[in-house]
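Beneath this line is the structure, given in structure tokens, with notes to follow.
The values are calculated or read from the model by the stated rules, or taken from the named source; none is laboratory data. This one's a predicted model, so the numbers in the text were calculated from it and none came from an experiment. Every residue, glycine among them, receives a Cβ derived from its backbone with ideal geometry; neighbour counts consider all protein chains shown. Side chains included, ligands, DNA and RNA excluded: accessible areas come from the protein's heavy atoms. Shrake-Rupley method; radii C 1.70, N 1.55, O 1.52, S 1.80 Å.
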Amino acid sequence: MTITYKINAPLTAAELADVFTSSGINRPVTDLDRLQKMIDNADILVSAWDGEQPVGIARAITDYVFCSYLSDLAVRREYQKQGIGKELINVLRGHLGEEIMLLLLAAPSAMEYYPQLGFEKLVNAFLIPRSK
């Protein structure tokens with residue numbers, strides 16, 4: 001198995017929904033219009049591919065000079081624990097450069113995962129949650 005990584009490669013809402021569903025991440029996978037807007041409005045979409053099948057996604061919003069928000073990191077369950085998530089972040093960071101910090105909100109089940117990738121746990125964040 002050879003995994004290839006692509007930056008801003010075309011991806012459909014249905015393909016994104018499949019990756020999200022398989023990964024276990026909580027996203028609105030039945031609302032394909034909303035998923036398409038998530039794709040269209042992302043600044044960077046790094047994808048991992050096994051042949052013609054997307055197996056991982058890192059979706060980010062950035063100003064390209066100071067900060068970036070990693071809004072999604074998802075890898076199909078059968079491809080997890082193979083370093084794909086780590087490499088998605090490495091490709092994203094390589095694309096962004098050294099001047100940009102990378103911020104994310106972790107699911108409770110992933111709190112132990114991100115420090116292994118070099119993320120620092122923060123206590124100084126605030127959130128206004130979405131209403132739907």
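Look at the range 73-132 and say how many of its residues are closer than 24 Å to SER22 by Cα, of a type in the set (Lys, Arg), open to solvent by 70 Å² or more (accessible area, probe 1.4 Å) and in contact with a helix residue (DSSP H, G or I) (Cβ under 8 Å, 6 or more places away or on another chain).
Summing the residues that are closer than 24 Å to SER22 by Cα, of a type in the set (Lys, Arg), open to solvent by 70 Å² or more (accessible area, probe 1.4 Å) and in contact with a helix residue (DSSP H, G or I) (Cβ under 8 Å, 6 or more places away or on another chain) in the range 73-132 gives 2.
Only one of these is open to solvent by 80 Å² or more (accessible area, probe 1.4 Å) and either closer than 22 Å to LEU11 by Cα or of a type in the set (Lys, Arg) (or both): ASP50, ASP33, ASP43. Name it.
Of ASP50, ASP33, ASP43, the one residue that is open to solvent by 80 Å² or more (accessible area, probe 1.4 Å) and either closer than 22 Å to LEU11 by Cα or of a type in the set (Lys, Arg) (or both) is ASP33.
Give the residue that is least open to solvent (accessible area, probe 1.4 Å), with candidates limited to residues of the range 14-26 that are touching a Lys or Arg at 6+ places or on another chain (Cβ under 9 Å) and not aliphatic (A, V, I, L, M).
Per the criteria, the residue is PHE20.
For the range 23-42, what are the residues that are part of a loop (DSSP other than H, G, I, E, B) and touching a residue at least 24 places away in the same chain (Cβ under 8 Å)?
Answer for the range 23-42, where residues must be part of a loop (DSSP other than H, G, I, E, B) and touching a residue at least 24 places away in the same chain (Cβ under 8 Å): GLY24, ILE25, ASN26, ARG27, ALA42.
Has the range 115-124 got at least one residue that is among the polar types (S, T, N, Q), more than 26 Å from MET1 (Cβ to Cβ) and either within 15 Å of the chain's Cα centre (by Cα) or assigned to a loop (DSSP other than H, G, I, E, B) (or both)?
Looking through the range 115-124, at least one residue is among the polar types (S, T, N, Q), more than 26 Å from MET1 (Cβ to Cβ) and either within 15 Å of the chain's Cα centre (by Cα) or assigned to a loop (DSSP other than H, G, I, E, B) (or both).
Just checking, which of LEU11, LEU70 is aliphatic (A, V, I, L, M) and either assigned to a strand (DSSP E or B) or open to solvent by 50 Å² or more (accessible area, probe 1.4 Å) (or both)?
Every option except LEU70 fails the conditions.
Within the range 53-67, track down each residue that is hydrophobic (A, V, I, L, M, F, W, C), open to solvent by less than 80 Å² (accessible area, probe 1.4 Å) and farther than 17 Å from LEU104 by Cβ.
VAL55
What are the residues in the range 88-118 that are touching a Leu at 6+ places or on another chain (Cβ under 8 Å) and within 26 Å of ASP50 (Cβ to Cβ), if any?
LEU88, ILE89, LEU92, ARG93, LEU96, LEU102, LEU104, TYR114
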